[in-house]
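Have a look at the structure below, then the notes.
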């Protein structure tokens, strides 16, 4: 079964985790420090490989059956993403959803590399929204 690195809504506790159909968690880890990290319209995260200026991105690796990947997980991904192969912190490879190249969508990309994780970014965004509402 292929290993896939997840860093958004399909992680434990996320709204899309059920799409994994019980696939086992293999590791909680990070990517190698060679990715920029983006929010795609504040709906999902996206990895983009870079030669310089990248960072480690936090996520989870799952052992997903091919039919679950084909029938459940991939159809739920937005068109701005595509299946790719990334490098993990330990030097091993894994499947992951990466930013489609060339990027042709009109959906706004926000560079969230400094956050290093989707959950940190969404927490920060919620806090800013609450502060703006309270002001």
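The values are calculated or read from the model by the stated rules, or taken from the named source; none is laboratory data. Quick caveat, the model's predicted, so the values are computed rather than measured. Neighbour counts run over all protein chains shown; Cβ positions are idealised from the backbone, glycine included.
So the values come out like this:
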| item | result |
| --- | --- |
| Any hit, the range 58-81, residues being in contact with a strand residue (DSSP E or B) (Cβ under 9 Å, 6 or more places away or on another chain) and surrounded by fewer than 13 Cβ atoms within 10 Å (Cβ to Cβ) | no |
| Selection status of residue 93, farther than 19 Å from residue 12 by Cα, surrounded by fewer than 18 Cβ atoms within 10 Å (Cβ to Cβ) and under 16 Å from the mean Cα position of the chain (by Cα) | yes |
| Filter result for the condition that a residue is on the phi > 0 side of the Ramachandran plot and surrounded by 13 or more Cβ atoms within 10 Å (Cβ to Cβ), over 41, 84, 53 | 41 |
| Strands (runs of 3 or more DSSP E) within the range 1-42 that include 1 or more residues over 22 Å from residue 93 (Cα atoms) and in contact with a strand residue (DSSP E or B) (Cβ under 7 Å, 6 or more places away or on another chain) | 35-40 |
| Residue within the range 114-124 that is surrounded by 13 or more Cβ atoms within 10 Å (Cβ to Cβ) and touching a helix residue (DSSP H, G or I) at 6+ places or on another chain (Cβ under 6 Å) present | yes |
| Long-range neighbours under 8 Å by Cβ, at least six apart or interchain, first residue over 14 Å from residue 46 (Cβ atoms) within the range 109-127, second surrounded by fewer than 16 Cβ atoms within 10 Å (Cβ to Cβ) | 125/42 |
| Subset of the range 56-88 (residues that are assigned to a strand (DSSP E or B) and farther than 23 Å from residue 105 by Cβ) | 58, 60, 61, 62, 63, 87, 88 |
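Residue-wise test of (1) more than 15 Å from the chain's Cα centre (by Cα); (2) more than 18 Å from residue 20 (Cβ to Cβ); (3) at pLDDT below 95.
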residue	(1), (2), (3)
60	no, no, no
65	yes, no, no
81	no, no, no
85	no, yes, no
97	no, no, no
102	yes, yes, yes
107	yes, yes, yes
116	no, yes, yes
130	yes, yes, yes
